[in-house]
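For reference, the structure is listed below as structure tokens.
Just so you know, all these numbers are worked out from the coordinates, no wet-lab data involved. Just so you know, these numbers come straight off a predicted model, no measurement behind them. FYI the Cβ positions are ideal-geometry reconstructions off the backbone, even for glycines, and counts take in every protein chain you see.
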Amino acid sequence: MKMYLSAKDTGYLHSEVRMSGAPTGAPAVEADSGTVYQTLLGFGGAFTEAAAVTFAKMGAANQGRILEMYFDREKGLGYALGRIAIASSDFAEGMYDYLDGEDPALKSFDISREERAVFPMIRAAMKKRGEPLRMLAAPWSPPAFMKDTKTRKHGGRLMPEFYCAYARYLVRYIVEARESAIPVEWLSVQNEPDAKQTWDSCLYTAGEERDFVKSALGPALRDAGLDDMKLLIHDHNRDILLERALCILGDPEAAGFIWGTAIHWYLCEEFGESTKLHEAHPDKHILFTEGCVEGGPAPGSWENGERYARNIIGDLNNWVEGWVDWNLVLDAQGGPNHAGNLCCAPILCDTETDALTINPSYHFIGHFAKHIKPGAKRIAHLSGVPALKTLTAQNPDGSIVLVALNETDMAQPFSMSIDGVRAGAELPPRSIATVSGVSRGRFS
């Protein structure tokens, strides 16, 4: 059995360490591989235009290092998922769509801008991984002329007379992206449909999103032969998850086109909302599709890493099946971002000096992504250590993974029981540990 540790102010960053015995009578975390929950699809990040143009400015050696760190299945995180914006998001060098002016017939439709940086980065990532990524695509706004505000930004609404034209626009993107060897598997109706932003955004009530799906988008996907496309709704925060998703999924006609619901981490860490949604619609799926640290770059922030771990544990323990970070990389200023909405990323790139900053958040994600493989199943566990946040999963090869997060300022001794086999450990203050290598109930 192996243990990997990251601990604040110790130099340990996803470092393999010797397991120390926990004191006799230490509280236990007990895993039970006989009780199985959802199948996990894996982890990933977003190929925004900001990430792609930043990546392209780095030297060949650091480009190779970034690809290896994220996508290599042996040496890196082995990311299996990716997210891509349909036309511009705030993390683009400017606002754009794929039409030349007001063109509801889509005669001028052209996605060639994505060949500047975004599509090449995706192809390079898939080459490093050695197999296709599973891609999610999401629009931030319809073309401006289709909205009541006539602008991509400041919210606004898709006008009903353009429902069918916009559905064809999204279908056209999927078809042409796939023809360009970008394997889009999921499509979101709209990124953050309840957020009026100063950048690319579009508002839908839950009823409007439902009606667009059942009257236009769902039929357009069906008529184009895209029955394999997995349609996602909501793609927004947990605080309004039930209000919106239950309204949409409560309509059988709309629900027939929908694969599942996407969530983000902003404003709310009420992880149990996902369990409530699962209990209401157990035949539908839940993905986490965006989370990032706002407010600009924060090199070296331990707290940001803890936020990632806390959210991954909370989400996966509540029926979320896959977890996708936001920008894979950003520049030293936390951009580029055409709206000035600068953020942080697990890897920051100084494009002037060709240097990388690897933030603790990268290593925190690694405690999950490097060990919990696509196809793993979350398994049951009971924890007698309330100070720790814990997650257990069993990989397709039978190996069992325990991740434990200690956000307190005290060391936390505990014992582990996995299918009745016991071992002990102690987590230092402000640390995270992954214990792996337990195969079919026995320590290797």
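What to note about this one:
- Using alpha-carbon coordinates, inclination of helix 360-369 to the longest axis of the chain, degrees: 80 degrees
- Segment 293-365: GluC sites (Glu not before Pro) in DSSP loop, at most 16 other beta carbons within 10 Å: Glu352
- Cα gyration tensor shape for segment 351-392, rounded if a/c is under 1.5, else prolate or oblate: oblate
- Cα-centre dipole for segment 311-444 with unit charges at Cβ (Lys and Arg positive, Asp and Glu negative), debye to 20: 780 debye
- Listed residues Ala87, Phe71, Ala224: farthest to the positive end of the dipole of segment 42-371 (Cβ charges): Phe71
- Theoretical FRET efficiency, 1/(1+(r/R0)^6), r = Cβ-Cβ of Cys164 and Ser112, R0 25 Å, to 0.05: 0.50
- Angle between the chain longest axis and helix 302-316 axis [Cα atoms, degrees, rounded to 10]: 80 degrees
- Positive-end residue, the chain charge dipole about Cα centroid, Cβ charges, pick of Phe162, Ser361, Cys292: Ser361
- Point-to-point label distance, Ala423-Val175, nm (Cα→Cβ direction, 7 Å offset): 5.4 nm
- Choice from Ile263, Ile240, Ile365 with maximal GNM fluctuation in the chain (Cα, 10 Å cutoff): Ile240
- Cα-centred dipole magnitude for segment 186-305, charges only on beta-carbon of K, R (+1) and D, E (-1), debye, nearest 20: 180 debye
- Segment 91-173: GluC sites (Glu not before Pro) in DSSP coil with no more than 12 other Cβ atoms inside 10 Å: Glu102
- Spin-label pair Glu93/Lys276, simplified geometry with 7 Å Cα→Cβ offset, distance in nm: 4.5 nm
- Summarising the amide proton neighbourhood of Leu231: residues at separation of 5 or more, or on other chains, whose placed amide H is nearer than 5 Å comprise Leu187, Trp259, Gly260.
- If R0 equals 25 Å, the separation of the Cβ atoms of Ala332 and Leu13 corresponds to a calculated FRET efficiency of about 0.75.
- On Cα atoms only, tilt of 118-129 relative to the major axis of the chain in degrees: 30 degrees
- On the beta carbon distance between Asp32 and Thr198, with R0 = 35 Å, the FRET formula returns roughly 0.10.
- Computed over segment 257-396: relative contact order in percent, which uses C-alpha pairs under 8 Å that are six or more apart: 23 percent
- Label-point separation in nm, Tyr266 to Glu68, each point 7 Å along Cα→Cβ: 3.6 nm
- Restricting the chymotrypsin sites (Phe, Trp or Tyr not before Pro) of segment 279-317 to loop positions (DSSP other than H, G, I, E, B) with no more than 13 neighbouring Cβ atoms within 10 Å leaves nothing.
- Amide H contacts under 5 Å for Val293, placed H, 5+ residues apart: Cys344
- Antiparallel DSSP beta bridges within segment 42-371, percent to nearest 5: 15 percent
- In Hz, Karplus ³J(HN,Hα) per residue of segment 390-399 (6.51, -1.76, 1.60; θ = phi - 60°; x = Gly, Pro): 9, 9, 10, 8, 10, 6, x, 7, x, 5
- Placing unit charges on each Cβ (+1 for Lys and Arg, -1 for Asp and Glu) gives the chain a dipole about its Cα centre, and among Gly398, Gly314, Leu328 the Cα reaching farthest toward its positive end belongs to Gly398.
- Amide proton proximity set for Asp200, modelled H, under 5 Å, gap of 5+: Asp90
- The charge dipole of segment 42-371, taken about its Cα centre with unit charges on the Cβ atoms of Lys, Arg (+1), Asp and Glu (-1) only, comes to about 540 debye.
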